[in-house]
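One structure is given here, and the rest of the page talks about it.
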Amino acid sequence: MPLLNYTTSVPADKSIAAIQKALAKAGASAILHEFDDNGNIMALSFRIKMPSPDAGGEIHDISFRLPTDWRAVQRRLQTQRVEPRYRTQEHALRVAWRITKDWVEAQLAIIESQMVTTAQVFLPYAVTSNGQTLYEFIGQNTQLLLG
């Protein structure tokens with residue numbers, strides 16, 4: 001089965017703008033673009049004020065980094081039986097950011113419904129004091145995991 005949104009014609013910048021708008025609506029106080037060496041946006045970092053669960057509800061700014069790996073999308077499209085026009089770098093960028101947009105909107109919807117908290121959803125993407133995401137930090141320090 002082909003990837004979600006593999007036929008999208010929506011430019012990457014429109015999907016990125018939609019993500020930024022959704023994050024701002026959800027309370028993001030800052031959003032940063034991170035570029036690869038070719039000028040393609042490869043991640044969005046954002047900051048949201050969140051209450052600290054152990055500090056009596058004290059509010060803290062928490063930073064998150066959402067990577068979007070268009071190269072992985074392109075590799076996947078190349079291994080699938082999709083038309084060649086859907087296997088280009090430009091198209092992979094479109095698909096990658098469209099998938100990310102859909103994911104962010106879905107996560108924000110379950111946060112808004114109060115089924116989960118922002119921290120529960122975005123915790124792997126929280127940026128630690130050394131600049132790594134929590135996911136990256138745990139990946140390098142697997143002894144922190146239970147079992």
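The values are calculated or read from the model by the stated rules, or taken from the named source; none is laboratory data. Everything quoted here is computed from the prediction, not taken from an experiment. Cβ atoms come from the backbone with ideal geometry, glycine included; neighbour counts cover every protein chain shown. Protein only, heavy atoms only, side chains kept; ligands, DNA and RNA dropped before computing areas. Shrake-Rupley method; radii C 1.70, N 1.55, O 1.52, S 1.80 Å.
Couple of notes before you dig in:
- The percentage of C-alpha pairs in region 7-49 whose separation is greater than 17 Å is 37%.
- Region 7-147, relative contact order [Cα under 8 Å, separation at least 6], %: 22 percent
- Given a 1.4 Å probe and the protein chains as shown, E83 ends up with an accessible area of around 100 Å².
- Given the alternatives (1) 1.03; (2) 1.15; (3) 0.93, Cα Rg over 2.2 N^0.38 Å as computed for this entry is given by (2).
- Region 106-132 and region 6-58 have their alpha-carbon centroids 12 Å apart.
- The chain - accessible surface per residue (Å², probe 1.4 Å): 63 Å²
- Region 13-29 - phi-based ³J(HN,Hα) in whole Hz, Karplus 6.51/-1.76/1.60, Gly and Pro as x: 5, 6, 5, 4, 4, 5, 5, 4, 5, 5, 5, 4, 4, 7, x, 4, 9
- Along its first, second and third principal axes, ordered by size, region 87-141 spans 36, 33, 15 Å in Cα coordinates.
- When each of the peptides 18-28, 135-145 is scored by how many other beta carbons lie within 10 Å of its residues on average, the order from highest to lowest is 18-28, 135-145.
- Every helix of 4 or more DSSP H residues in the chain counts as -39500 (n - 2.57), and over all residues that averages to -12500 deg cm²/dmol at 222 nm.
- Carbon plus sulfur fraction of accessible area for the chain, probe 1.4 Å, in percent: 54 percent
- Put simply, when 64-73, 38-47, 95-104 are sorted by average Cβ atoms within 10 angstrom per residue, most first, you get 95-104, 64-73, 38-47.
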